[in-house]
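Right, one structure below, let's go through it.
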Amino acid sequence: MDPIKEFKQERESLNAVIMKYGKTNIKRFFNLDTNVYKDGELPAQTKELLGLVASLVLRCDDCILYHTITCFEQGVTDEAFEETMSIGLVVGGSITIPHIRRAFKHWEELKTAGV
């Protein structure tokens with residue numbers, strides 16, 4: 001199976017399990033997480049790029065993949081994606097390089113698949 005499609009399906013399935021068992025605090029956090037990335041003073045696309053940088057610096061592969069997919073779906077250009085990776089590298093240092101490699105690999109997969 002396509003790793004990006006597999007990731008999206010697993011994420012959706014696991015989120016359903018969380019929502020089944022999660023109580024008010026978990027649901028409120030998930031709601032905040034969803035709403036913070038919507039258009040506001042900053043466009044949603046900019047917020048996703050910010051989320052991508054933060055995820056890169058924190059070295060969360062699931063988060064990096066999620067934001068990479070969302071950035072692609074929102075029409076982020078190759079140039080904007082590369083600049084975002086550069087910012088993450090400068091802020092996070094060389095330890096982020098393996099994560100940057102995987103992010104570019106996924107970016108290329110998204111472009112090839114035309115998801």
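The values are calculated or read from the model by the stated rules, or taken from the named source; none is laboratory data. Just so you know, these numbers come straight off a predicted model, no measurement behind them. Please note: Cβ atoms are built from the backbone with ideal geometry, for glycine as well, and neighbour counts cover all protein chains shown.
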Verdict on E10 being at negative phi, exposed (fewer than 11 other Cβ atoms within 10 Å of the Cβ) and not assigned by TED's automatic domain parsing to the domain that holds L110:
no
Quick check on L42: is it closer than 26 Å to T96 by Cβ and not in a loop (DSSP other than H, G, I, E, B)?
no
By residue number, the members of segment 59-69 that are out of contact with any Leu (no Cβ under 7 Å at 6 or more places or on another chain) and touching a residue at least 24 places away in the same chain (Cβ under 8 Å) are R59, D61, D62, L65, Y66
With criteria (1) touching a Lys or Arg at 6+ places or on another chain (Cβ under 6 Å); (2) not in a helix (DSSP H, G or I), V76 comes up short on (1)
For this session: For H67, state whether it is closer than 28 Å to M19 by Cα, of a type outside the set (D, E, K, R) and either surrounded by 11 or more Cβ atoms within 10 Å (Cβ to Cβ) or more than 15 Å from the chain's Cα centre (by Cα) (or both).
Result: yes
